[in-house]
1. When you go through (1) more than 26 Å from residue 91 (Cα to Cα); (2) modelled with pLDDT under 85; (3) assigned to a loop (DSSP other than H, G, I, E, B) one by one for residue 51, which number turns out not to apply?
2. For the condition modelled with pLDDT of 85 or more, assigned by TED's automatic domain parsing to the domain that holds residue 183 and farther than 22 Å from residue 138 by Cα, what is the one hit in 243, 278, 287, 294?
3. From the list 447, 494, pick out the single residue that is outside any helix (DSSP H, G or I) and in the same structural domain as residue 303 (by TED's automatic domain parsing).
4. So which of 302, 234 is in the same structural domain as residue 176 (by TED's automatic domain parsing), under 22 Å from the mean Cα position of the chain (by Cα) and either over 30 Å from residue 77 (Cβ atoms) or modelled with pLDDT of 55 or more (or both)?
5. If residue 442 passes every condition in (1) within 26 Å of residue 175 (Cβ to Cβ); (2) crowded, with 16+ Cβ neighbours inside 10 Å but one, which one does it miss?
6. Within segment 324-347, does at least one residue satisfy the condition of being in the same structural domain as residue 138 (by TED's automatic domain parsing) and within 22 Å of the chain's Cα centre (by Cα)?
7. Which ones in segment 372-402 are part of a loop (DSSP other than H, G, I, E, B), touching a residue at least 12 places away in the same chain (Cβ under 8 Å) and surrounded by 10 or more Cβ atoms within 10 Å (Cβ to Cβ)?
8. When you look at residue 30, is it over 29 Å from the mean Cα position of the chain (by Cα), over 27 Å from residue 377 (Cβ atoms) and either outside the structural domain of residue 393 (by TED's automatic domain parsing) or without any contact (Cβ under 8 Å) to a residue 40 or more places away in the chain (or both), yes or no?
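The values are calculated or read from the model by the stated rules, or taken from the named source; none is laboratory data. Predicted model, so just to flag it, every value in this text is computed and none were measured. We place every Cβ from the backbone using ideal geometry, glycine too, and count neighbours over all the protein chains shown.
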């Protein structure tokens, strides 16, 4: 807007384009945006002059190389200065001038314009967009039905004691793995068997060794002293994981070659839901230099690591809080019975009509954010916060857990009160309620995680009667980078008698 206000002729040209293509009969919507080429040029030129992140995230050189006469050894940490690239006189004509027209001929393609990078745009536009979430709703609903069948299998003879952590972990792992790579971690045929738990653990062991490496990332000196061989062991585990992921990608590639010759645009525009790995492999055909196997493996890994534990942990805490507050659980059940009824299974389209269920989930995330410390940030400039002087370039750790329990921000911060969210989240609340981060670095998968938790929690309350084991309220949490319960949640479960007929058809 600053640039348009300073360049009224450009604003007039954008206004005329919108009037010509959209008209005055309806408000411009997202479908129209793709037809507004000059508006896109303005956005590209804004990103060029003022990239939101002038320094990209650090990279490491994978091999020795020479750049502009400088020798760069393998393993060197590299910072890419997009601000400088975007104003380089060798790359751009009149680089400091605001000229949206420069993009009319496709200028900026390739490595000259790097404001957000392809993969982040893909994540938002294709992987986690509203349309993509809609297409993947079947996956979540199928896996929640599997969860219900697992519970029925152990509770048909009456009230039974069930360990919910394992079931929630299987649910989240299967959903995320199907969305990212098109396959389950644990098949339903193993439900209730001794093999089930081992299969899940074997699968997760291939993905989660990298978490231990965070210690060396945050305290680099530990690499020098060896940290009791941790890094050596991690490299070995990483090799096993990389081999597993490569075999997975090769399997998906072979499947695509056998079943379809669709191009990337047909995959993303079509009605059929494709896994993220399939989308990226199709894009690899047109842009092999960017969508390499390494990028695809890293994307699948990122989705699994970031999406499974967080969703399972939130579900476990939500059920813990409901078991400790039976009146709240009854209120959730009454809301579901009123809006969904007894004749069918709650589905994702019902969630928007269940505001109190969402309040319960928001309050759970406030009290027990799955990642109590957000991902590290760097201060872009020197500043003062809370009376402390913070130099430019300081690594900052944001303590979401502490903010969510700050008595200056919340009334009775340690009490479970879903009603505090009934008025919704106001504009100022985004700075005190940050379970998924905030701003440009907010978790892109937050919407999918909330859908998993909302659907599963709603169905569990809809179809089963619940009670806690014993009389003690167990809210102790363990140690780690995620805020899981110290002991796995166990609960007494039995099917609702008035819904047994419906349950038998699942």
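1. (1)
2. On the way: 278 fails: farther than 22 Å from residue 138 by Cα; 287 fails: modelled with pLDDT of 85 or more; 294 fails: modelled with pLDDT of 85 or more.
Residue meeting the stated conditions: 243.
3. Working: 447 fails: outside any helix (DSSP H, G or I).
Sole residue among the options that is outside any helix (DSSP H, G or I) and in the same structural domain as residue 303 (by TED's automatic domain parsing): 494.
4. Details: 234 fails: under 22 Å from the mean Cα position of the chain (by Cα).
Just one listed residue meets the conditions, 302.
5. (2)
6. Step one: of segment 324-347, the residues in the same structural domain as residue 138 (by TED's automatic domain parsing) are 324-347.
Narrowing the set further to residues that are within 22 Å of the chain's Cα centre (by Cα) leaves 347.
Looking through segment 324-347, at least one residue is in the same structural domain as residue 138 (by TED's automatic domain parsing) and within 22 Å of the chain's Cα centre (by Cα).
7. Residues of segment 372-402 that are part of a loop (DSSP other than H, G, I, E, B), as a first pass: 372, 374-376, 379-382, 386-387, 391-394, 397-398.
If we keep only those that are touching a residue at least 12 places away in the same chain (Cβ under 8 Å) as well, we get 372, 374-376, 379-380, 391-394, 397-398.
Selection gives 372, 374, 375, 376, 379, 380, 392, 393, 394, 397, 398.
8. Details: over 29 Å from the mean Cα position of the chain (by Cα): no; over 27 Å from residue 377 (Cβ atoms): yes; either outside the structural domain of residue 393 (by TED's automatic domain parsing) or without any contact (Cβ under 8 Å) to a residue 40 or more places away in the chain (or both): yes.
Criteria not met by residue 30.
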